[in-house]
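Undergrad: Attaching a single structure in structure tokens format; questions to follow.
FYI, it's all coordinate maths here, none of it is from the lab. Everything numeric in this text was worked out from a predicted model, so none of it was measured. We place every Cβ from the backbone using ideal geometry, glycine too, and count neighbours over all the protein chains shown.
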Amino acid sequence: MESIKILRLPAALERLGMGETSYRTAMADGLVPKLITLGARAVGIPEHELNQVIRARIAGLPDDEIRKLVERIHADRARTAAEIIGGV
């Protein structure tokens, strides 16, 4: 099984070079993945998902393409959850 690293929100924001309000705006616009709950007062994002968005930005992809990437990231999360719940 692969190792997955979760970045807490402050670390993710630092990697992106943006503040929390900007991240949440970008999240509402579908330009960054949704945060995952880590506990009662903690959220984060899988590092590999964040890296995909950063690579897309570096490559100069337009916002529409980044939205498609984020949609695929969310679809992968849903597929993984279904596999876990279904025992597949």
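Undergrad: Express in nm, to one decimal, how much length is gained between A11 and E71 on full extension, taking 0.36 nm for each residue of separation and deducting their alpha carbon distance.
TA: 19.3 nm
Undergrad: Determine the gain in length on full extension of the stretch K34-S3; use 0.36 nm per residue of separation and subtract their C-alpha separation, reporting nm with one decimal.
TA: 9.1 nm
Undergrad: Along the Cα-to-Cβ line of R41, 7 Å from the Cα, sits a label point; which residues in region 12-31 have backbone N less than 20 Å from it?
TA: Taking a point 7 Å out along Cα→Cβ of R41, the residues of region 12-31 whose backbone N falls under 20 Å are 12-13, 20-21.
Undergrad: When a/c is below 1.5 the answer is rounded, else prolate if a/b is larger than b/c, else oblate, so apply that to the chain with a ≥ b ≥ c taken from the square roots of the Cα gyration tensor eigenvalues.
TA: Here the chain falls in the oblate category.
Undergrad: Now, a different point. Hey, can you grab everything whose amide H is under 5 Å from the amide H of L38? Only 5+ residues off in sequence or another chain; H modelled, so Pro and N-termini drop out.
TA: Long-range HN contacts for L38: V43, G44.
Undergrad: Considering Cα pairs under 8 angstrom that are at least six residues apart, work out the relative contact order of region 6-86 and quote it in whole percent.
TA: This gives 31 percent for region 6-86.
Undergrad: Quick one: dipole size for the chain, taken about the Cα centre, charges +1 on Lys/Arg Cβ and -1 on Asp/Glu Cβ, in debye to the nearest 20.
TA: Computed charge dipole of the chain: roughly 160 debye.
Undergrad: Does anyone have the angle between helix 47-58 and the longest principal axis of the chain? Alpha-carbon axes, 0 to 90°, nearest 10?
TA: The angle comes out at about 30 degrees.
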